[in-house]
Every structure is written in C-alpha cells, then in structure tokens.
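Visitor: Please see the structure below; I have some questions.
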C-alpha cells in the first residue's frame, strides 16, 4: 500500500506553496457568512464558486514568482458528520460535498496549469471535536470509524492524498492514518501546538510523531504543524531530535496570540507579515524535509507572498 506514496511529488523533493487561512480570510476580510467555519458551503452555489475562484486566483502570481507548484487543500475542514449536521448536511450530503470540493479544485488546477503553475490536490479533514481543546475521550477506533466516510469520498473523487489539520491528540491521528491506509491514500497529519510548543494536553510534538509512527508503521507520508505562530514552536524545532526530519509542511498563524485568545477575539489579528516571513525563513533551515509552506488563521495572499519572498529561490532572501 505504500506504493501510492511514490506518487507524491513532495517526497521526491518538489516544493509547494499553499494558501493562507481560508476561513478567517473569507469571514473577516470578505464578509462571507460561513456558519461553523464551513467554507465548503461556498461550493454549492455559482456565486460561492466565483468567490472561491477569485480567492485562488490571487495565488497564481505568487506561486509563479516563487517558481513552485501549488497545493490545493480542499475547503472541507468542517465537512465531517458532527459539524456537517450543524449546517444541515447528512452523510449522503457530506459525501457529495467532499467530492464536489475535489472536483472544484480540479477545475482550478486547469486554470493554474494554463498559467504555468503545476498543482496537486489534498482532501482536507478536520478534528471531530474542538480543534483548539485537547480531546481526552477520542480513541483510535472512534477516529477511524468517524473519519472513514470523508476519506472514502476523497478516494472516490481521486484526490492525490488526504491531510488532517489541527489535530490535538495521537488517537485521532492514528485513526485517520488507518482510514487512509484502508483507502490506499497517502496521508499527511498536521498537529496544532499551544504557546509552549506542545500539543494541547501537553504532549511534546516529537513524542506524538513517534507514537503515531510507531503505531502505524510510519504510514503517514510526513507531518505538518498548523494553527500556531512560529514564535511558539521555533525552540521546539531547534532543540528537536530525529523526528524533525518528519516535518514536511507548515501552515502558520498570523497572530502571536494563544488559541484561547484568538477564539474569543471579535476581530482578526493579521499580525505583521514581514516579521512572520522573516521568522519563517529562520525556521526553514532547521527543517530539512520541508515541502509545503502556507498559512493558517489570520493569513492571506499577502502573508504567503511575503513568506515566499523571504524563503524561496524566486524570492528576495533576508540577509
């Protein structure tokens, strides 16, 4: 089953730029109404699809200037059963929505290719419960059962692989990896971290990665870190062991605030994208296998442009 991993160009050394924080950008900067941060609802109307097209088009010149491919992460972070139910989607509706999200990215892929930007498509999963609170009750079996329908929808829609973002605990990560293996899809697992550089609940990132790899036979293609500012994990990386080589991507927050502070904020903290880009550039040399660079909460095309300028061959590196 590992054979399909060979089809991931990242594992052959290719670098990809991806987008910023789609939900926060659409809600706060563009005034979209996205109940429960369910961005996939936009795919269901022509107006919404136009909004998504315009959203992605801003990244064509950024990827082209950086000389890199683009990663389409589907807008399906909340397209799973519990969250879907809150916006009126049952199992059949969610399967259709997840498949439609991949189909939309395929359409955009053609537009990017015409502009000279190659791309790949990752089907995105989010956690079952709160993405910023440690989930004490999750078991591997529950996670595998819960996330399997979404993984199967991505497999049916021919996504290149799946990525689970904002994970807070090891059992959910392991369950998702098992679901992906059953569908013979490569999987990327992305943990979120608190201001101390550990997972919510206190587990060190290196320990979490070792536990998932140990339990799954190192099935995940690689790991990512998302929804945290570089100031909170730079020392975790710089003092890390061999596990640092398993980190293949970053999606960082614009803000230095904690999850709790961000959760309670009525406004969007877009931070300082020049400072963010310089911090990114200082961390990247410590991550030998980094292949995906992008943003999370509070970031948009302006942050990603600054990060690419600071970090990538086509950019203007800080001295």
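Visitor: Does region 268-279 hold any residues that are touching a residue at least 40 places away in the same chain (Cβ under 8 Å) and more than 15 Å from residue 300 (Cβ to Cβ), and which are they?
Guide: Once the filter is applied, which keeps residues that are touching a residue at least 40 places away in the same chain (Cβ under 8 Å) and more than 15 Å from residue 300 (Cβ to Cβ), region 268-279 yields 278, 279.
Visitor: What residue, among those in region 291-316 that are surrounded by fewer than 21 Cβ atoms within 10 Å (Cβ to Cβ) and touching a residue at least 24 places away in the same chain (Cβ under 8 Å), is nearest to the chain's Cα centre (by Cα)? Can you show your working first?
Guide: So the first thing to find is which residues in region 291-316 are surrounded by fewer than 21 Cβ atoms within 10 Å (Cβ to Cβ), and the list is 301-302, 309, 313-316.
Then drop every residue that is not touching a residue at least 24 places away in the same chain (Cβ under 8 Å), which leaves 301-302, 309, 313-315.
Values: 301: 15, 302: 18, 309: 21, 313: 23, 314: 23, 315: 23 Å.
Looking at the filtered set, the residue picked out is 301.
Visitor: May I ask you to say which residue of 99, 108 is under 26 Å from residue 304 (Cα atoms), part of a helix (DSSP H, G or I) and touching a residue at least 40 places away in the same chain (Cβ under 8 Å)? Steps first, please.
Guide: Values: 99 fails: under 26 Å from residue 304 (Cα atoms).
The unique qualifying residue is 108.
Visitor: Among the residues of region 246-260, write down those that are more than 18 Å from the chain's Cα centre (by Cα) and not in a loop (DSSP other than H, G, I, E, B).
Guide: At the first step, the residues of region 246-260 found to be more than 18 Å from the chain's Cα centre (by Cα) are 256-258, 260.
Answer for region 246-260, where residues must be more than 18 Å from the chain's Cα centre (by Cα) and not in a loop (DSSP other than H, G, I, E, B): just 260.
Visitor: Oh, and also: If a residue must be loosely packed, with under 15 Cβ neighbours inside 10 Å and closer than 21 Å to residue 224 by Cα, how many such residues does region 103-132 contain?
Guide: So the answer is 1.
Visitor: Now for a separate question. Which one of these is in a loop (DSSP other than H, G, I, E, B), at negative phi and modelled with pLDDT of 95 or more: 48, 20?
Guide: Answer to the selection: 20.
Visitor: Check region 177-190 and report whether any residue there is more than 16 Å from residue 219 (Cα to Cα) and either modelled with pLDDT of 95 or more or under 15 Å from the mean Cα position of the chain (by Cα) (or both).
Guide: Initially, region 177-190 is screened for residues more than 16 Å from residue 219 (Cα to Cα), giving none.
Checked region 177-190: no residue is more than 16 Å from residue 219 (Cα to Cα) and either modelled with pLDDT of 95 or more or under 15 Å from the mean Cα position of the chain (by Cα) (or both).
Visitor: Find the residue count for region 256-269, including only residues that are closer than 28 Å to residue 15 by Cβ and buried (at least 22 other Cβ atoms within 10 Å of the Cβ).
Guide: So the answer is 0.
Quick grid of which residues meet (1) outside any helix (DSSP H, G or I); (2) at pLDDT 95 or above; (3) more than 20 Å from residue 281 (Cα to Cα):
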position	(1), (2), (3)
201	yes, no, yes
206	no, yes, yes
209	no, yes, yes
215	no, yes, yes
220	yes, yes, yes
228	yes, yes, no
244	no, yes, no
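Visitor: Which residues, taken from region 32-41, are under 15 Å from residue 93 (Cβ atoms) and buried (at least 16 other Cβ atoms within 10 Å of the Cβ)?
Guide: Pass one, region 32-41, residues under 15 Å from residue 93 (Cβ atoms): 35-36, 38, 40-41.
Within region 32-41, 38, 40, 41 qualify.
Visitor: Is there a residue being touching a residue at least 12 places away in the same chain (Cβ under 8 Å), out of contact with any strand residue (DSSP E or B) (no Cβ under 7 Å at 6 or more places or on another chain) and farther than 29 Å from residue 213 by Cα anywhere in region 121-140?
Guide: no
Visitor: Now a separate question. Given the conditions (1) surrounded by 23 or more Cβ atoms within 10 Å (Cβ to Cβ); (2) out of contact with any helix residue (DSSP H, G or I) (no Cβ under 8 Å at 6 or more places or on another chain); (3) over 15 Å from residue 287 (Cα atoms), report the number of the one that residue 251 does not fulfil.
Guide: Result: residue 251 passes all but (3).
The values are calculated or read from the model by the stated rules, or taken from the named source; none is laboratory data. None of the values given here were measured: they were computed from a predicted structure. For neighbour counting, all protein chains shown are included, and Cβ atoms are generated from backbone atoms with ideal geometry for every residue, glycine included.
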